[in-house]
1. List every residue pair whose Cβ atoms sit under 6 Å apart, with the two residues 6 or more apart in sequence or on different chains, where the first one lies in region 52-73 and is within 14 Å of the ligand (Cβ to nearest atom) and the second, anywhere, is of a type in the set (Phe, Trp, Tyr).
2. What are the residue pairs meeting all of these: first residue in region 397-410, first residue more than 13 Å from Thr370 (Cα to Cα) and among the hydroxyl-bearing types (Ser, Thr, Tyr), second residue in a strand (DSSP E or B) and open to solvent by less than 30 Å² (accessible area, probe 1.4 Å), Cβ atoms under 8 Å, and 6 or more apart or on different chains?
3. Assess whether Met367 counts as being of a type outside the set (Asp, Glu), more than 30 Å from Val19 (Cα to Cα), away from the ligand (no atom under 16 Å from the Cβ) and in contact with a Leu (Cβ under 9 Å, 6 or more places away or on another chain).
4. What are the pairs with Cβ atoms under 8 angstrom where one residue, in region 17-33, is free of Cβ contacts under 8 Å to residues at least 60 places away in the same chain and among the polar types (S, T, N, Q) and the other, located anywhere, is open to solvent by less than 100 Å² (accessible area, probe 1.4 Å) and assigned to a helix (DSSP H, G or I)? Sequence gap at least six, or different chains.
5. Scan the helices (runs of 4 or more DSSP H) fully inside region 281-380 and keep the ones with 2 or more residues being of a type in the set (Val, Ile, Thr) and within 28 Å of Glu236 (Cα to Cα).
6. What are the pairs with Cβ atoms under 9 angstrom where one residue, in region 366-386, is closer than 21 Å to Arg48 by Cα and the other, located anywhere, is open to solvent by 70 Å² or more (accessible area, probe 1.4 Å)? Sequence gap at least six, or different chains.
7. Return yes or no: is Ser269 open to solvent by 50 Å² or more (accessible area, probe 1.4 Å), under 25 Å from Gly142 (Cα atoms), assigned to a helix (DSSP H, G or I) and among the small types (Gly, Ala, Ser)?
8. Could you tell me whether any residue of region 348-357 is open to solvent by 20 Å² or more (accessible area, probe 1.4 Å), away from the ligand (no atom under 13 Å from the Cβ) and farther than 17 Å from Glu176 by Cβ?
Amino acid sequence: MAGAAMTAEAPDTVPVQLVEQPRLQKLKEIFMSKFGSAPKFYVRAPGRVNLIGEHIDYCGYSVLPMAIEQDILIAVEPAKSQVVQLANTNSSYLDFSTSVNNIEINKTKPQWHNYFLCGLKGIQVELAEICTKSERYIGTEGGGMDQAISFLAEEGTAKLIEFSPLRATDVKLPSEAVFVIANSCVEMNKAATSHYNIRVMECRLATKLLSKLKGLDWKNMLRLHDVQTKLGVSLEEMLTIVEEVLHPEPYSTEEICKCLGISLEELRSQILTQNTQDVSTFKLYQRAKHVYSEAARVLEFKKICKEAPANAVQLLGELMNQSHISCREMYECSCPELDRLVDICLQFGAIGSRLTGAGWGGCTVSMVPTDKLNTFLKNVKKAYYQTNVQRLALENNSLFATKPGRGALVFIEA
Ligand code: GLA
């Protein structure tokens with residue numbers, strides 16, 4: 001077995017000249033004035049936007065986000081960073097060095113250093129999973145999309161993110177359109193409210209009831225994806241099963257307990273989260289319908305991007321629009337402002353527009369033909385932001401076009 005050597009120089013690091021980076025320079029000054037010493041490194045994490053696949057990551061289904069160019073920066077002290085340099089005792093294997101920000105593993109040509117890079121990639125994936133688990137300490141049962149795209153993003157491409165095992169595959173977006181983020185200016189704090197966890201619980205309960213009613217071991221099933229896997233059927237077949245097995249009327253806790261053969265105490269202590277203990281009815285049919293149909297839309301979106309037919313933009317736009325309707329009607333995670341903003345975006349030239357992220361506030365993402373971008377921005381500003389004083393104050397940072405950006409990284413001052 002060939003040996004590998006690593007010099008202690010800087011994984012996750014990009015040397016930067018602070019004079020060329022006004023934001024970092026400013027950050028450094030503030031840091032120094034606060035703490036009296038200079039930061040040893042700076043960390044950047046990108047903003048993210050989910051193009052399609054809402055509220056399905058925690059059900060085990062793939063989602064399709066991208067990191068955007070906009071980011072946050074953190075200055076840190078102290079720090080130790082490394083560039084990976086690899087050398088081999090067998091001189092037929094050439095030396096290799098790379099920055100961990102740009103690990104490329106060519107599967108068709110398995111060079112020796114790739115085995116080492118696979119280890120590094122593994123650590124990046126593990127970091128994403130650690131961050132997903134960490135977020136749950138705040139109380140929200142998140143699915144891991146944000147953490148995954150934050151670590152695994154690459155400039156110029158969106159990613160299909162699959163879960164268990166966590167995997168990211170490039171999805172090249174059509175070049176004739178741009179994605180525009182628009183803030184509804186409505187805030188929804190996921191951790192301070194129970195909206196999000198109620199949906200996670202509805203999906204969990206739908207999983208348990210579907211499993212029980214289809215004769216599966218419901219106690220060990222947590223995600224709607226598990227039901228599909230165990231039954232070995234397609235997403236379309238799962239939609240039919242939901243219609244056959246669940247009813248559209250909300251389920252009371254009594255009905256759920258009766259169906260599963262458990263007490264209310266068991267339901268509360270073994271299934272529900274702390275902030276959903278007192279919820280008395282759950283919509284299982286609607287939530288499961290959204291999840292299985294949205295999961296199918298994600299796969300369709302990826303397929304269209306790959307095949308790139310002449311009407312790709314149109315087809316992708318339709319999927320985004322269907323996604324918004326499903327979020328609004330079946331998942332009930334929209335709000336009047338988001339619906340209004342989506343309508344405005346469609347009215348002024350977006351081919352597709354939808355709420356992005358958890359919903360109940362926050363942002364929309366719209367796909368706009370590149371040649372219509374300027375008039376689109378002008379008209380949306382006028383129709384949504386300039387009609388309301390509060391929104392007007394937030395206008396500058398609320399509406400922008402963006403491209404797929406790179407993932408998280410660490411800067412050190414050169
Ligand atoms: C939030 C969560 C994600 C995901 C989205 C909805 O952003 O953090 O894990 O569930 O909502 O798609």
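The values are calculated or read from the model by the stated rules, or taken from the named source; none is laboratory data. All figures in this text were calculated on a predicted structure; none of them were measured in a lab. Cβ sites come from the backbone with ideal geometry, for glycine too, and all protein chains shown count toward neighbours. Remember, those area values only see protein heavy atoms, side chains included, never the ligands or the DNA or RNA. Shrake-Rupley method; radii C 1.70, N 1.55, O 1.52, S 1.80 Å.
1. Taking only residues 6 or more apart or on different chains, the pairs are Ile52/Phe301; His55/Tyr331; Gly60/Phe163; Leu64/Phe301.
2. Pairs found: Ser398/Ala182.
3. Numbers: of a type outside the set (Asp, Glu): yes; more than 30 Å from Val19 (Cα to Cα): yes; away from the ligand (no atom under 16 Å from the Cβ): yes; in contact with a Leu (Cβ under 9 Å, 6 or more places away or on another chain): yes.
Yes; evaluated as a whole, the condition is true for this residue.
4. What qualifies is Gln25/Leu18.
5. Values: elements: 284-307, 312-329, 336-347, 373-380.
Counting at least 2 such residues, we get 284-307, 312-329.
6. Going by the 9 Å Cβ cut-off, the qualifying pairs are Pro369/Glu176; Thr370/Ser175; Thr370/Glu176.
7. Numbers: open to solvent by 50 Å² or more (accessible area, probe 1.4 Å): yes; under 25 Å from Gly142 (Cα atoms): yes; assigned to a helix (DSSP H, G or I): yes; among the small types (Gly, Ala, Ser): yes.
Yes; evaluated as a whole, the condition is true for this residue.
8. Within region 348-357, one or more residues are open to solvent by 20 Å² or more (accessible area, probe 1.4 Å), away from the ligand (no atom under 13 Å from the Cβ) and farther than 17 Å from Glu176 by Cβ.
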